[in-house]
Amino acid sequence: MSIKQLPSHLVNQIAAGEVVERPASVVKELLENSIDAGSTKIEIDIEQGGVKRIRIRDNGKGIPKGELALALSRHATSKIESLDDLEHVASLGFRGEALPSIASVSRMTVSSRTEDCEQGWQLMDDGQEIFSDPEPTAHAKGTTIDVRDLFYNVPARRKFLKTENTEFKHLQDVVQKISLSNFQIAISLRHGQRSVLALQPAKEKAGADRRVAEICGPAFMEQSLYLDYEAAGLKLWGWVGLPTFSRSQADLQYFYVNGRIIRDRIVTHAVRQAYSDVLYHGRHPAYVLFLEIAPEKVDVNAHPTKHEVRFREARLVHDFLYRTLHQALADVRPNDTQDAPEIPSQQQPNSASFQYQTNQQKLNIPVSNNIPASQVAEQMAIYGRMHEAGNPITAATAEGVTRQPPLSDDFVKRMAPQVTAAMPVDTSSSTGETPPLGFAVAQLHGIYILAENAEGLVVVDMHAAHERITYEHLKKSMANDNVRSQPMLVPQSLAVSQKEADCSEEFSETFQKLGFELNRLSPEQVTIRAVPSLLKDSNVEQLVRDVLSDLLEHGSSQRIEQEMNEILSTMACHGSVRANHRLTIPEMNALLRDMERTERSGQCNHGRPTWTQMSIDQLDKLFMRGQ
Ligand SMILES: Nc1ncnc2c1ncn2[C@@H]1O[C@H](COP(=O)(O)OP(=O)(O)OP(=O)(O)O)[C@@H](O)[C@H]1O
Ligand SMILES: [Mg+2]
């Protein structure tokens, strides 16, 4: 076959292969156009999962009559003019590819009216890029794009489409993702006669909260914290789920860069790392986060569907995300509810909820790693008395919070003496205000502390809470002490790649701070001369290899700290107060006060919750009081 220029409709169909995979991708492109046009209201009407019809109507700036044909032509855009524009692009579109691609695989009609035009104009496109003159039509200011019979002329693509329901689910997912980054726009979605979404524009934080709750579920809203932090020209804001609201799948993770939803390995890695110390094994964090960064620092032209971006300073971004989230999660403290996110009215909390204060200012306060050794010793002494070689807590807490069995007569009899025997609430040492976790009133089964606070009843898993406190103390005292290093009797030599060896030199100071001493022997050989004494029995060779590969890929690694933390966590677990150990009321109160002071005290070292609140209202409901 001789070389021939392809006809333009075939060029468009080839481009459509990348841009238009299914109805959901059409909706994504059209919504992005409506947003770029400055719309404040967008209506989406779908028939048969989008395969039969997708109609999107907006009230944006419209397309002038004379530009309608251009809008449908390949490589025609109003959004950039030069390479420089591309490098600073702030709009969602920039390729001038979406409309002609969609038109080449469907029957499309564009109707539009601009502000200064009395009349709307309409143009049909059969994908051939030969346009008749636009025809007059009645249309309010804005644009309607009507896409019918998707893939009618590409049977191979049509065959790959799933059921109407599945296609609609994908499409709805796209609408939800886009709605989350455009709070100011009213968005409605109808499937046939059914209204699926009707989102009001959100002007204030409360409205944004409502939208997040509507899309991510009220439980996420209730158990998340809001953060808003800016540093080094980067801004991160949004909602992050508390570790106790983790998911079995990574299905509630929305990350936007300058308003564009993206998937990115650097981001996922940084977020996972931030949660690593508080998340229950195998669980996934939930978040809706927005990163704002100067447009020239991110390349949005990295993927045909624009789902991926490339950060020009990937390490900086990784570090910023990790630190900000890590700190936000560390700052979670039991506190009053005044800053807790508003729960939409349809929410009926049916279980005890966790309520935390979210405080963005706190993010500015560096965590003090400087707890004097004497204070640590004092803490250990207080708990020394609690210390006992009792049975470790087993089934009751191993699987997290277990369902309460119904109270049997026997149980009530057994418990009654202990509860009544408890000492009166000790408020003498307080300033008159009840602290967030309140004052201890009793201990239950040697496992739980019951305390009374302003809200009602607080139940604390004693071992889980103490374990976290001990762990955080150990971590801090180790950080204070500088990591102790121990020379290896026989230095261990590692064969590595040249890149890895370069990396070991570049990061030699980092390794040194963590107690390692690495020497480069040859272009492809590194020797380990000293290791942190805490890790002397670990597989240091594997650890160093893993750290080098992290450093090469992400520019940072938390592996050494994580490995040390794991050991400290085990020490904390063994060193913590056990089940079936009776505490006095002052001991219990000391533990509660310590929880209020300790970072991440809402979860034990394994990510299980350490305490829960039952409000008087919730208790009243149990007894049908006031009904
Ligand atoms: N809803 C709309 N309101 C106003 N103008 C629109 C609308 N949709 C498209 N346009 C105009 O048509 C042009 C072509 O749209 P198209 O989506 O094909 O390309 P793009 O948005 O510029 O880039 P990309 O291919 O990256 O989406 C846009 O640049 C814009 O000027
Ligand atoms: Mg576009």
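Here are the numbers:
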quantity	calculated
Within the stretch 1-44, considering residues that are outside any loop (DSSP other than H, G, I, E, B), open to solvent by 80 Å² or more (accessible area, probe 1.4 Å) and not β-branched (Val, Ile, Thr), the one modelled with the lowest pLDDT	Glu18
Among the residues listed as Ala206, Ala219, Ala270, the single one being assigned to a helix (DSSP H, G or I) and buried (at least 19 other Cβ atoms within 10 Å of the Cβ)	Ala270
Selection within the stretch 12-49 - under 13 Å from Val154 (Cβ atoms), away from ligand 2 (no atom under 16 Å from the Cβ) and not aliphatic (A, V, I, L, M)	Gln13, Gly17, Arg22
Failed item in (1) near ligand 1 (Cβ under 7 Å from one of its atoms); (2) open to solvent by 40 Å² or more (accessible area, probe 1.4 Å), with Leu70 passing the rest	(1)
Residue check for Ala231: in contact (Cβ under 8 Å) with a residue 24 or more places away in the chain and open to solvent by 10 Å² or more (accessible area, probe 1.4 Å)	yes
Flag for Pro134 being open to solvent by 60 Å² or more (accessible area, probe 1.4 Å) and either hydrophobic (A, V, I, L, M, F, W, C) or over 25 Å from the mean Cα position of the chain (by Cα) (or both)	no
Among (1) within 18 Å of Asp36 (Cα to Cα); (2) of a type in the set (A, V, I, L, M); (3) more than 39 Å from the chain's Cα centre (by Cα) - the single one Ala69 does not satisfy	(1)
Hey, Arg211 at pLDDT 95 or above and not in a strand (DSSP E or B) or not	yes
Any hit, the stretch 169-177, residues being open to solvent by 30 Å² or more (accessible area, probe 1.4 Å) and part of a loop (DSSP other than H, G, I, E, B)	no
Single residue of Val458, Val490 found to be assigned to a strand (DSSP E or B) and open to solvent by less than 30 Å² (accessible area, probe 1.4 Å)	Val458
Residues of the stretch 493-505 satisfying the condition of being in a helix (DSSP H, G or I) and touching a residue at least 24 places away in the same chain (Cβ under 8 Å)	Gln498, Lys499, Glu500, Ala501, Cys503, Ser504
Residues within the stretch 82-104 that are away from ligand 1 (no atom under 11 Å from the Cβ) and either within 18 Å of Leu31 (Cα to Cα) or surrounded by fewer than 20 Cβ atoms within 10 Å (Cβ to Cβ) (or both), tallied	7
Complete set of residues in the stretch 235-251 that are more than 19 Å from Glu599 (Cβ to Cβ) and either of a type in the set (Phe, Trp, Tyr) or at pLDDT 95 or above (or both)	Lys235, Leu236, Trp237, Gly238, Trp239
Options Thr570, Thr527; residue that is surrounded by fewer than 19 Cβ atoms within 10 Å (Cβ to Cβ) and in contact with a Pro (Cβ under 6 Å, 6 or more places away or on another chain)	Thr527
Residues (more than 16 Å from ligand 2 (Cβ to nearest atom), farther than 18 Å from Ile102 by Cβ and not in a loop (DSSP other than H, G, I, E, B)) located in the stretch 123-146	Glu135, Pro136, Thr137
Count - residues of the stretch 137-159 that are open to solvent by 40 Å² or more (accessible area, probe 1.4 Å) and over 12 Å from Thr109 (Cα atoms)	10
Listing of helices (runs of 4 or more DSSP H) fully contained in the stretch 539-623 that carry 1 or more residues being small (Gly, Ala, Ser)	540-554, 559-575, 585-597
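Residue-wise test of (1) modelled with pLDDT under 95; (2) assigned to a strand (DSSP E or B); (3) more than 26 Å from Asp58 (Cα to Cα).
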{"residue": "Asn182", "(1), (2), (3)": "no, no, no"}
{"residue": "Ser188", "(1), (2), (3)": "no, yes, no"}
{"residue": "Phe255", "(1), (2), (3)": "no, yes, no"}
{"residue": "Ile266", "(1), (2), (3)": "yes, no, yes"}
{"residue": "Ala274", "(1), (2), (3)": "yes, no, yes"}
{"residue": "Asp277", "(1), (2), (3)": "yes, no, yes"}
{"residue": "Leu291", "(1), (2), (3)": "no, yes, yes"}
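The values are calculated or read from the model by the stated rules, or taken from the named source; none is laboratory data. As the structure is a computational prediction, the values presented were derived from the model and not from experiment. Here Cβ is always computed from backbone atoms with ideal geometry, including for glycine, and neighbour counts include all displayed protein chains. Heads up: the accessible areas ignore ligands, DNA and RNA and are worked out on the full protein's heavy atoms, side chains in. Shrake-Rupley method; radii C 1.70, N 1.55, O 1.52, S 1.80 Å.
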